[in-house]
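Report on the structure given below.
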Amino acid sequence: MPFFDLATIAALPWKNGGGSTRELACWPPAAGMEQFAWRISVARIAAPGPFSAFPGVDRQIMLLSGGGVQLRAADGRWEHALDTRWQPFAFSGDDPVECRLLAGASTDLNLMLRRGVWNGTLQLLRTAAPPARAAAGLGLVLQGAWRCSAGANDTRVLTAGQGLWWMDGRADGAERLEPLDAPGGAQDAGAAPALAWIALERSTARETGMQNPP
């Protein structure tokens, strides 16, 4: 189960100069944009411009910081304001998407899944994450301190920007992430523990992928 820290991951600039990307995990490792089965990254969007289309890929995006962006399918079929922190939005990579800044640069968490090969969800957790029994996945600490138990003799504390990912989840589900401070109570809601959690499974032959948003 590789651990990572955003502060130590190099940001790769986009060719159009509109932002940069830090890759957190990809399968197969080092796969190119045409070969990956799934890919998880953090992007900084610094200028308006188009998103690249990824035919056959389902996408999910979550605003981490900044003023957010307005996303719009190039053909006008749908539009979405990604302006609320930590609220995931799903859309089809088949669609060329136009992106407009709402209030300065933004940082986003991105999940891309090859349709018919992998499926899964990007979600916000405030309480302990379920055991890592999914085939693959990732946890990224957004706020607070989280205790990670990755076995009887491997316990560590992760803070904002740190996380872990796995492939071929353990059957015993020994790995756990749980907040050191319980949400609610006397603690400010704005300072409550927060974790971005992604659990992935291989698709079955009957699954056809998600539909485009209206």
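Read-outs throughout are calculated quantities, based only on the coordinates presented, and are distinct from any laboratory measurement. The structure displayed is predicted, hence computed values, not measured ones. Note that each Cβ is placed from the backbone with ideal geometry, even for glycine, and that neighbours are counted across all protein chains shown.
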Calculate, for Met167 and Leu102, the FRET efficiency according to 1/(1 + (r/R0)^6) with r their C-beta to C-beta distance and R0 41 Å; round to the nearest 0.05. 0.70
A student applying the Cα gyration tensor rule (rounded when a/c is under 1.5; otherwise prolate if a/b is larger than b/c, oblate if not) would label the range 1-154 prolate
Explain nothing, just the number: relative contact order of the range 27-136, from Cα pairs under 8 Å at least 6 residues apart, as a whole percent. 36
In this structure, the FRET efficiency calculated for Ala11 and Ala81 from their beta-carbon separation, with R0 = 22 Å, to the nearest 0.05, is 0.30
Relative contact order for the chain, counting Cα pairs under 8 Å that sit 6 or more residues apart, in percent: 22
By how many nm would the segment from Thr121 to Ser149 grow when fully extended, if each residue of separation counts as 0.36 nm and the alpha-carbon distance is taken off? 7.8 nm
